[in-house]
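Working notes, beginning with the structure itself.
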Amino acid sequence: MKEISRLRRKFIIYNMLIVTAVIGITFAALVCVLQSRGDEESRLILERAVEQPGERLIFDAVPQVRLPYFSVLVTENGEVIMRDGAYNSFPGAGYLERLAFLGMAAEADDGILDGYQLRYLRVEQPAGHLLVFADTSYGDIVRDALLRYGGLACAAIWLVFLGLSFLFSRWAVQPIARSMRLQKQFVADASHELKTPLTVITANAELLEERCAGLPEEAKRWLSNINQECRDMRTLVESLLLLAKGDTWTKRKDGWKVFSFSDLVTEKLLIFEPLFYQAGKELRFEAADDVSVKGDASQLGKLVTVLLDNAVKYADGTGRVEVRLETAGRGRARLWVNSEGEPIPKEKRTLIFQRFYRDEKVRASRTGYGLGLAIAGEIAANHHAAIGVEYRDGMNCFYVNLRTVHASARHAVIAGNVS
């Protein structure tokens, strides 16, 4: 069922949005804390090196350990002197001079030397400027490893939660799916059971009206009302049955075939032309030749019928109705059914395709039951088509965007059937 599929999809999307937010915030917080801690430690090393020159901050219990900092003094005459700290091999004079030049040229008294993985602190002293450099390579390695492996771990956790969401969504919607299935089955069974008594009542009322001559006008009016209400109820029951079958349409596509949609629209227009003439409405028709589609011809014929019937009922008294079938790019066609009348408000242009929705004016006139456009929407969705309504040039413009197939495919199917 499409409703259950949409509900499961929403469940999964909302659940994964929460999981993504939790994982993302946790991972970002961890990276920020690690970065802040590394910056704080390197800043502390630099400050202690300035306060206690000449003292080692890391004990020499283990030789060959790379010390995390070193300092140089830049005298007034530009001489660079190594003061404290060491690597396994001391930096060369050219390297120290380059670092000293960068540290002295920097605008801020502390910062990061890009490309050297060093944090510096510049302090003015009587003998010159003391530059203390702290090595940040270890923190950079830890941060890069965290970003790499932590990102992979977060992605794996996200995928695990995605799989669990699929499983849990199926379990969560089972009661709703069962309830909706029983509800649809009840509507289908009730509608089917109502068809027989309605048929009998209608037939008996028509026989009474034909054979009982000499009835008072009042009795004839009562029989006419019975016939009209029975016809309306039969239409409602047939619409309910059609909607109840809608969920099986997507599962049963074995009856689909390639056919001329242009011929189908023309055929329906010939049927409705007397109704437009009787209603005093001007009908204009324009169709592209040989627009072929693949689908259920009876369902698409019902869709066209709904749109034309809607135009007959709701167009202004002597309003103009335009039906146009045109190509809309490669592999697409668009059917327009435009009718003059009061504009449908934007906030109601999606509501009118919901079941049993009717505007207050339409409800007061007792015209229809609000199922026609719902049926058209179901058929369009089954054929992966887009249906909607716009208002322009004083007309409500209903449109259906369909996928088309090449005309040669239809001719090939016809030739195969003939042979």
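The values are calculated or read from the model by the stated rules, or taken from the named source; none is laboratory data. Nothing here was measured: the structure is a model prediction, and the numbers come from that model. Don't worry about glycine lacking a Cβ; one is built from the backbone with ideal geometry, like all the others, and counts go over all protein chains shown. Heads up: the accessible areas ignore ligands, DNA and RNA and are worked out on the full protein's heavy atoms, side chains in. Shrake-Rupley method; radii C 1.70, N 1.55, O 1.52, S 1.80 Å.
Remarks
- Residues located in the range 130-174, provided they are over 35 Å from the mean Cα position of the chain (by Cα), in contact (Cβ under 8 Å) with a residue 12 or more places away in the chain and over 19 Å from Ile25 (Cβ atoms): Leu130, Leu131, Val132, Phe133, Ala134, Asp135, Thr136, Ser137, Tyr138, Gly139, Asp140, Val142
- Test: residue in the range 212-232 that is of a type outside the set (A, V, I, L, M), within 44 Å of the chain's Cα centre (by Cα), open to solvent by 40 Å² or more (accessible area, probe 1.4 Å) and at pLDDT 80 or above: no
- Conditions (1) part of a helix (DSSP H, G or I); (2) at pLDDT 80 or above: number failed by Glu193: (2)
- From the list Lys251, Lys257, the one residue that fits, being among the charged types (D, E, K, R) and modelled with pLDDT of 80 or more, is Lys257.
- The criterion of at least 2 residues that are under 21 Å from Ser339 (Cβ atoms), open to solvent by 20 Å² or more (accessible area, probe 1.4 Å) and in contact with a Lys or Arg (Cβ under 7 Å, 6 or more places away or on another chain) is met, among strands (runs of 3 or more DSSP E) falling completely within the range 250-319, by 282-287.
- Val74 over 16 Å from Gln125 (Cβ atoms) and at pLDDT 80 or above: no
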